[in-house]
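The block underneath contains the structure these notes are about, expressed in structure tokens.
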Ligand code: PEP
């Protein structure tokens, strides 16, 4: 049985005032059946991890540098995130790939750094709208999977998130058949490389909200969600956690 995961990505949102959301989330869902994760901006990781304590909400980073330390102004290493109390880190989010020109090779190096630091890497893949319209979705995702997921990936240290770029922050989502097609393809692709591919968790991300979470969670090979906008408020994210628990 794969343990489901509801992961929130706060992106570049949140200051100390927003730490109350994690307390509200933990209070409303003290013992979820699924794993619950919030990835705040790097500035909040340590404080959020301290507030989360041994409660139901884990804390993660949104990105990491592939090296442990060094002359990389403005960057944060996986080891630093772990030291701050993070247990997960997102790598290869489409906003990082687009805004910072991150390649599959760099994303793979970041995932390796996450593993070396004892973090679970959430590796993001997903097609643009142009690629989908051109019928290239599975080719694009297959190449990203091959290039971004390191050879040392296991079900314990790696989660894959399918995030169609055109669905992120737009309110648009693929059809359930389209989600199932990609998630089944991901499972089969992972099985060619990893002995425990059947245990790896596959998240869907892109405009997940309380009103569409249940149907998405009932879709083939969907083991949870990576949630942006709807993770900022405890009430909305809590409703998604509840939907995942009920799935
Ligand atoms: C994301 O940024 O990973 C994401 C899925 O955003 P949203 O839920 O806002 O579409």
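Observations on the model:
- Whether the range 191-243 is rounded, prolate or oblate, judged on the alpha carbon gyration tensor where a/c under 1.5 counts as rounded: prolate
- nm² value of the averaged projected area, convex hull over the Cα atoms of the chain: 12.0
- Full-extension gain in nm, residue 50 to residue 196, via 0.36 nm per residue minus C-alpha separation: 49.3 nm
- One equal scatterer on each Cα of the range 1-86, no solvent, Debye formula: the resulting log10 I(q)/I(0) at q = 0.10, 0.12, 0.15 Å⁻¹ is -0.26, -0.37, -0.56.
- Over the range 46-158, the fraction of Cα-Cα pairs per 5 Å bin, rounded to whole percents and listed from the shortest bin up, is 2, 13, 21, 21, 18, 12, 8, 4, 1, 0.
- Efficiency of FRET from Cβ geometry, residue 23 and residue 220, R₀ 41 Å, rounded to 0.05: 0.70
- Centre-to-centre separation between the Cα atoms of the range 8-22 and those of the range 46-87: 15 Å.
- Label-point separation, residue 69 to residue 156 (7 Å along Cα→Cβ), nm: 2.7
- Fraction of alpha-carbon pairs over 23 Å apart in the range 135-247 - percent: 28
Any read-out appearing in this document is the output of simple, stated calculations on the displayed coordinates, not a laboratory observation. Only a predicted model underlies this, so the values are computations on that prediction, with no experimental measurement involved. In this analysis, Cβ positions are derived from the backbone assuming ideal geometry, glycine residues included, and neighbour counts consider all displayed protein chains.
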